[in-house]
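The values are calculated or read from the model by the stated rules, or taken from the named source; none is laboratory data. Bear in mind that the values here come from a model prediction, so they are computed numbers and not experimental data. Methodologically, a virtual Cβ is constructed for each residue, glycine included, from the backbone with ideal geometry; neighbour enumeration extends over all protein chains shown. Side chains are part of the model used for accessible areas, which takes the heavy atoms of the whole protein and leaves out ligands, DNA and RNA. Shrake-Rupley method; radii C 1.70, N 1.55, O 1.52, S 1.80 Å.
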Amino acid sequence: MQEPLLWPLELQPALSSTFGETRATAFHAGIDLKTWGKTGYEVRAVADGWIQRVRTSPWGYGRALYQQLADGRIAVYAHLQDFFPPVAERVQLAQRAARRYSVQLWPKQDDIPVRRGQVIAHTGQSGAGPPHLHLEIRDASNVPLNPLLQGLGPVLDTTPPTLRR
């Protein structure tokens, strides 16, 4: 049995969006963790692994980190305010070289290792929406999985559903 994933924020677990909700162009491939309208909370790695991909964009996921977990799954952290130093330095160099904000980096395996609980970023509101942390867990083939069924949580739910249509 694999070790449970670490809740990435040192805040009471609460969600603003759940896995599989319908969106205008696709379904919601992750969960949105509430930051109660604030930015700048430390984002911690959910498990051991390494940074596989880094993206910066004014749209979509905004600033995002893709972490390859030791067991082959991928964790995606999106709408970040900033990155931890090893990533931030590389992003800044790439942005200067490209002379634009939007860049995408693919570090080599184990080039930027991270440990479970290590601070890798801070929450923000880059890309889309109000402040929150978008978190995805994907399998080794990049297929989205429900993070709450992948050892993350629990998240107490005391609000009954409301049927709207």
For segment 79-122, give me each residue that is touching a strand residue (DSSP E or B) at 6+ places or on another chain (Cβ under 8 Å), modelled with pLDDT of 95 or more and among the acidic types (D, E). D82, D111
May I ask you to list the residues in segment 1-28 that are at pLDDT below 85 and in contact with a strand residue (DSSP E or B) (Cβ under 8 Å, 6 or more places away or on another chain)? A14, L15, S16, S17, T18, F19, G20, E21, H28
Checking P58 against (1) under 26 Å from N146 (Cβ atoms); (2) assigned to a loop (DSSP other than H, G, I, E, B), only one condition comes out false. Which one? (1)
Quick check on my filter: what residues within segment 61-70 are assigned to a strand (DSSP E or B) and farther than 14 Å from S126 by Cα? Y66, Q67, Q68, L69
For segment 19-38, which residues satisfy the criterion of being more than 16 Å from I74 (Cα to Cα) and touching a His at 6+ places or on another chain (Cβ under 7 Å)? G20, E21, D32, L33, K34, T35
Anything in segment 129-161 that is more than 21 Å from P13 (Cα to Cα) and either in contact (Cβ under 8 Å) with a residue 12 or more places away in the chain or not hydrophobic (A, V, I, L, M, F, W, C) (or both)? List them, or say none. D139, A140, S141, N142
Has segment 56-75 got at least one residue that is under 19 Å from V155 (Cβ atoms), touching a Phe, Trp or Tyr at 6+ places or on another chain (Cβ under 8 Å) and not aromatic (F, W, Y)? yes
Residues that are of a type outside the set (V, I, T) and either out of contact with any strand residue (DSSP E or B) (no Cβ under 9 Å at 6 or more places or on another chain) or in a loop (DSSP other than H, G, I, E, B) (or both), drawn from segment 123-148: Q125, S126, G127, A128, G129, P130, P131, D139, A140, S141, N142, N146
Just to be sure I understand the filter: pairs with C-beta atoms under 6 Å, separated by 6 or more residues or on different chains, first member in segment 39-64 and open to solvent by less than 30 Å² (accessible area, probe 1.4 Å), second member β-branched (V, I, T) and in a loop (DSSP other than H, G, I, E, B). Which pairs pass? I51/I112
What tally of residues in segment 128-165 results from selecting those that are open to solvent by less than 30 Å² (accessible area, probe 1.4 Å) and modelled with pLDDT under 90? 1
Out of curiosity, is H28 in contact with a Ser or Thr (Cβ under 8 Å, 6 or more places away or on another chain) and in contact (Cβ under 8 Å) with a residue 40 or more places away in the chain? no
Within segment 24-38, the residues that are surrounded by 18 or more Cβ atoms within 10 Å (Cβ to Cβ) and within 14 Å of E136 (Cα to Cα) are A29, G30, I31, D32, L33
If you go through segment 71-122, how many residues are in a helix (DSSP H, G or I) and surrounded by 12 or more Cβ atoms within 10 Å (Cβ to Cβ)? 9
